[in-house]
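See below for the structure under consideration.
None of the figures in this text is laboratory data; all of them are computed from the coordinates on show. Just so it is clear, the model here is predicted, and its values are computed rather than measured. Backbone-built Cβ (ideal geometry, glycine too); neighbour counts: all protein chains shown.
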Amino acid sequence: MRGATPASLHAEAVAGSRRALARLLTEVEDGRASPSDFDHHGAVLGRSLAITGPPGVGKSCLIDHMLRAWATQGRSTALLAIDPSSSLSGGALLGDRIRLTAPDEQDIADRIYVRSVATRRATGSVPTVLGDLVRTLHLCGWEQVLIETVGAGQSEVRCAAVADRIVLVEGPARGDAVQAEKAGLLELADLVLVNKADLDGADRHASELRDALSLNEGTPPAVLLVSAKTRDGLDEAMEVLADLPERPGSSRARARERLANAVERYLTGHDDYESMLADIATGRRSVEEVMGVLWRDQ
Amino acid sequence: MDRVLRIVVAKPGLDGHDRGAKVVARALRDAGHEVIYTGLRRTPKQIVDAVRDEDARFLGLSSLSGAHGHLFPTICDLLREEGLGDVVVFGGGIIPDEDRADLHAAGVRAIFGPGTPTGEINAFVLDAADREEAGVGADSGWVWQGA
């Protein structure tokens, strides 16, 4: 099967082969294949939802609940779980599967696909590859794709911006709402879930977030209290998620992140990128001169 | 090292000790690979499903419970049944010398006991990655002989 063409892997994946699907995703991730190799539709075939938020707020627990709920309803859902690569070695430890139990339940396992994705080293390339992975899953019949990413930095924000909708997960006692604002995710969110509602401080954090969001222009996203542990609020949250409208503000912020990512990818992928950096570092050329070269090349 | 291999590290069966598995996972990460750790107490089927869905090239099994003689060959059989014969399987933990021949015969290509320098495991992975006879589906009898 290694060495099979993307088109044949795609055909097998559509026919239900998980092995072919997994190999096809590797080909796309490694840049040896692109969805255009087997995309005969050109149409929107599914939806994607990013689940993001700080470490430890319970993203994986909530995702486990979503996977189980949707699979039980007969809706197939794929999860792309993003973890950072080490900037030193380029390697990665991918542990998101540990906390998921829904994929182990044999009566629904056929409708759940989980794939761990490392951010790898190249700046700006992850979100682009991620978009191709989502498209590939849609083209293989996985109508619904979840992207799990820690919302703690620019590249993670951009990973989330790949999705059609963004759900921000927060926890109680996360400091004040300014912490959430600083991460840059609040303006992108179409929905905010404050998890661990069974613990002290969740109510207060939710109302602080509502206050902060009300200062922004346009319709703020709903802020819902949930508890993955006691299951309080989960049914309501799932109902909202089933048909989550896009906020005008978030679509603009997402477009901005996608554009910024494309520019960064163009820059870091430029043939003379390294020599540009060296010239700026040693003072041979100024940043403005290099910018002039970059624009002229366009 | 620009070669990134996807490696699943798994703990099959009823065995709560994963310090060794975590040390190996970290060493492989530090050698530049993408390591997927499954967590404790996985069934053979859960492990093989993870290898398939993650498109892993290698599967590292750790057992300290004494059940390796049953679990490791069961996993190797399942991999072959699932058409994942090109996956390379290696093992570690508390594996008595007299049990090793049976595990090798089942398709486990290397067994690393306590005290193994992590560099040896990294060397095995790089060596086996290019060998067709290292896959669990190859009826080759190939066993890693050390660096």
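What to note about this one:
- When B:His68, A:His41, B:His104 are arranged by Cβ crowding within 10 Å, least crowded first, meaning fewest neighbours, the order is A:His41, B:His104, B:His68.
- Eligible lysines near A:Lys229 by straight Cα distance, threshold 22 Å, same-chain separation 8 or greater: A:Lys59, A:Lys196
- Charge dipole magnitude, Cβ of K and R +1, D and E -1 - the stretch B:6-134, Cα centre, debye nearest 20: 500 debye
- Average beta-carbon neighbours from other chains, 10 Å sphere, peptide B:18-27: 1
- Top positive-direction residue, dipole computed over the stretch A:238-298 with Cβ charges, set A:Ser250, A:Met291, A:Gly269: A:Ser250
- Cα gyration tensor, the stretch A:41-247 - rounded (a/c under 1.5), prolate or oblate: rounded
- Within the stretch A:26-101, trypsin sites (Lys or Arg not before Pro) in DSSP loop having at most 11 other beta-carbon neighbours inside 10 Å: A:Arg32
- Net charge dipole size for the protein assembly as shown [Lys, Arg +1 and Asp, Glu -1 on Cβ; Debye, nearest 20]: 240 debye
- Rounded if a/c under 1.5, otherwise prolate or oblate - the stretch B:33-147, Cα gyration tensor axes: rounded
- 19 Å Cα-Cα reach of B:Lys22 towards aspartates and glutamates, excluding residues that sit fewer than 8 places from it in its own chain: A:Asp83, A:Asp96, B:Asp30, B:Glu34, B:Glu54, B:Glu120
- Between the alpha-carbon centres of the stretch B:1-26 and the stretch A:62-110 there is a gap of 18 Å.
- Overall shape: prolate for the stretch A:195-298, with the ratio a/c of the largest to smallest alpha carbon gyration tensor axis at 1.5 or above and a/b above b/c.
- Dipole of chain A, positive end: most advanced residue of A:His10, A:Ser85, A:Leu193 [Cβ charges, Cα centre]: A:His10
- For chain A: relative contact order, % (alpha-carbon pairs under 8 angstrom, 6 or more apart): 18 percent
- Hydrodynamic analysis of the protein assembly as shown uses the Kirkwood radius over alpha carbon pairs. Inserted into Stokes-Einstein at 25 °C and 0.890 mPa s, it gives a translational diffusion coefficient of 105 µm²/s.
- When you restrict to C-alpha pairs under 8 Å that are six or more residues apart and normalise by the size of chain B, the relative contact order lands at 23 percent.
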